[in-house]
1. Which pairs have Cβ atoms under 7 Å, sit 6 or more apart or on different chains, and link a residue in the stretch 123-145 that is within 21 Å of Asp339 (Cβ to Cβ) to one that is of a type in the set (Lys, Arg) and surrounded by fewer than 22 Cβ atoms within 10 Å (Cβ to Cβ)?
2. Mind checking which residues of the stretch 86-115 are in contact with a Ser or Thr (Cβ under 8 Å, 6 or more places away or on another chain) and either among the charged types (D, E, K, R) or not assigned by TED's automatic domain parsing to the domain that holds Asp39 (or both)?
3. Got a number for residues in the stretch 263-292 being surrounded by fewer than 24 Cβ atoms within 10 Å (Cβ to Cβ) and not in a helix (DSSP H, G or I)?
4. Taking the stretch 76-88, which residues are in contact (Cβ under 8 Å) with a residue 12 or more places away in the chain, assigned to a helix (DSSP H, G or I) and open to solvent by 30 Å² or more (accessible area, probe 1.4 Å)?
5. Does Glu131 qualify as being among the charged types (D, E, K, R) and under 18 Å from the mean Cα position of the chain (by Cα)?
6. Return the residues of the stretch 202-247 that are within 14 Å of ligand 1 (Cβ to nearest atom), free of Cβ contacts under 8 Å to residues at least 60 places away in the same chain and either surrounded by fewer than 21 Cβ atoms within 10 Å (Cβ to Cβ) or of a type in the set (Gly, Ala, Ser) (or both); say none if nothing qualifies.
7. Quick check, is Lys162 away from ligand 2 (no atom under 16 Å from the Cβ) and either closer than 30 Å to Pro55 by Cβ or not assigned by TED's automatic domain parsing to the domain that holds Ile244 (or both)?
8. So which of Gly270, Gly300 ends up being in contact (Cβ under 8 Å) with a residue 40 or more places away in the chain, farther than 23 Å from Lys162 by Cα and either away from ligand 2 (no atom under 15 Å from the Cβ) or of a type in the set (A, V, I, L, M, F, W, C) (or both)?
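The values are calculated or read from the model by the stated rules, or taken from the named source; none is laboratory data. Fair warning: this is a prediction, and the values are worked out from it, not measured in the lab. So basically every Cβ, Gly included, is an ideal-geometry build from the backbone, and we count neighbours across all protein chains shown. Heads up: the accessible areas ignore ligands, DNA and RNA and are worked out on the full protein's heavy atoms, side chains in. Shrake-Rupley method; radii C 1.70, N 1.55, O 1.52, S 1.80 Å.
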Amino acid sequence: MIRLDQITLREIHLPLREPFRISSGTVSERRIVLLELRDASGAVAWSECVAGEWPNYSSETVDTAWLAIEAYVAPRVLGVRFDKPADVHAALERDFRGHEMAKAAVEMGMWGVAAAQAGVPLAQLIGGTRERIAVGISLGIQASPQALADKAVAASAEGYHKVKIKIEPGRDVEYLRAARLALPSAELMADANNAYTLADAGLLAELDELNLMMIEQPLAHDDLVRHAELQRRLRTAICLDESITSLERAQDMVTLGAGRIINIKPGRVGGFNVSVAIHNYCKRLGIPVWCGGMLESGIGRAYNVALASLPNFTLPGDLSPSRRYWEQDIVFPQWTMDDEGMMTVPLDRTGIGVEIDVDRISALTVRRAVLRSPA
Ligand code: OSB
Ligand code: MG
């Protein structure tokens with residue numbers, strides 16, 4: 001049983017080691033909303049909201065998520081008794097549209113609380129079966145094809161199992177070809193973050209010869225119909241990211257033939273309940289899934305690592321170690337990758353599996369709000 005009596009919201013600013021550029025914008029310093037959830041039993045868990053600084057990935061941002069959590073999400077859970085964390089999602093969806101990242105931050109935190117309370121690792125609580133997970137890297141748009149090829153070669157040498165390359169019109173075929181020439185047999189893929197239209201189908205078909213694992217979200221964020229048309233014209237598998245906001249959208253992808261692979265980001269689909277449901281649905285149909293990333297701190301990463309330990313996460317995730325993003329992460333220990341390019345699921349620790357660097361977080365905090373259950 002879970003009954004939260006307090007959620008502390010904090011916003012921290014954490015500079016990335018290098019700017020990350022995608023087709024719709026660049027981020028150099030993350031603004032990150034962290035949640036500290038306290039249960040009436042005394043169990044505590046931290047979680048992270050993956051909303052970005054600007055509404056270029058989805059309509060949510062740090063500021064909309066802060067408002068949504070404070071005004072709409074927290075009042076639905078504080079002081080409310082839930083038999084199990086799987087019940088939280090339905091309570092947050094009833095007569096409450098959208099704001100999936102805000103909902104997910106609270107819903108996932110309640111899974112974290114449940115794991116802490118039960119004294120089990122989060123991965124075990126959700127049915128994880130892997131002890132180590134394969135790590136991939138997502139490379140932002142680079143200044144030249146050569147700069148990209150150099151980065152890709154370095155990443156591959158470090159042990160990353162998959163190299164994802166951000167593309168946009170004008171920085172696509174030539175860039176990917178340079179990476180493929182430098183790495184003839186590496187697992188390479190592209191992510192367009194909605195930068196193309198169906199009129200670009202001919203250009204995108206030129207990628208077929210590069211033997212990419214997949215191309216992620218080439219068309220608009222909410223468009224399944226045109227992705228289906230595009231998939232009919234490509235040999236390369238389409239992977240959907242932005243478009244899959246619920247289990248129903250995953251089912252629609254299959255019905256329409258809009259893609260063959262799903263990038264599951266729990267923040268995008270409202271949390272763990274739906275993430276696991278999409279995972280189970282895809283597993284039954286033999287559709288591979290992998291865990292995407294949103295430049296999370298070590299707290300959000302803990303949830304992604306637990307999720308990626310489920311059996312149908314058969315492709316490497318965007319789950320790089322702490323040092324790929326930060327001078328220093330806000331958890332102990334930092335997330336690391338071993339020399340086989342694997343990350344270890346912290347099955348020897350209860351709850352989310354990392355200690356929180358509270359002092360560092362305090363030093364980085366720019367605003368804070370304490371939300372309590374009505375007396
Ligand atoms: O589309 O997967 C994406 C980061 C921010 C917004 C969107 C995306 C990404 C990434 C980062 O690709 C992956 C990571 O966290 O390493
Ligand atoms: Mg993506």
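1. Ile137/Arg324; Leu139/Lys151
2. Glu100
3. Total satisfying the criteria: 3.
4. Passing the criteria: Arg76, Ala86.
5. no
6. Ala220, Ser243
7. No; evaluated as a whole, the condition is false for this residue.
8. Gly270
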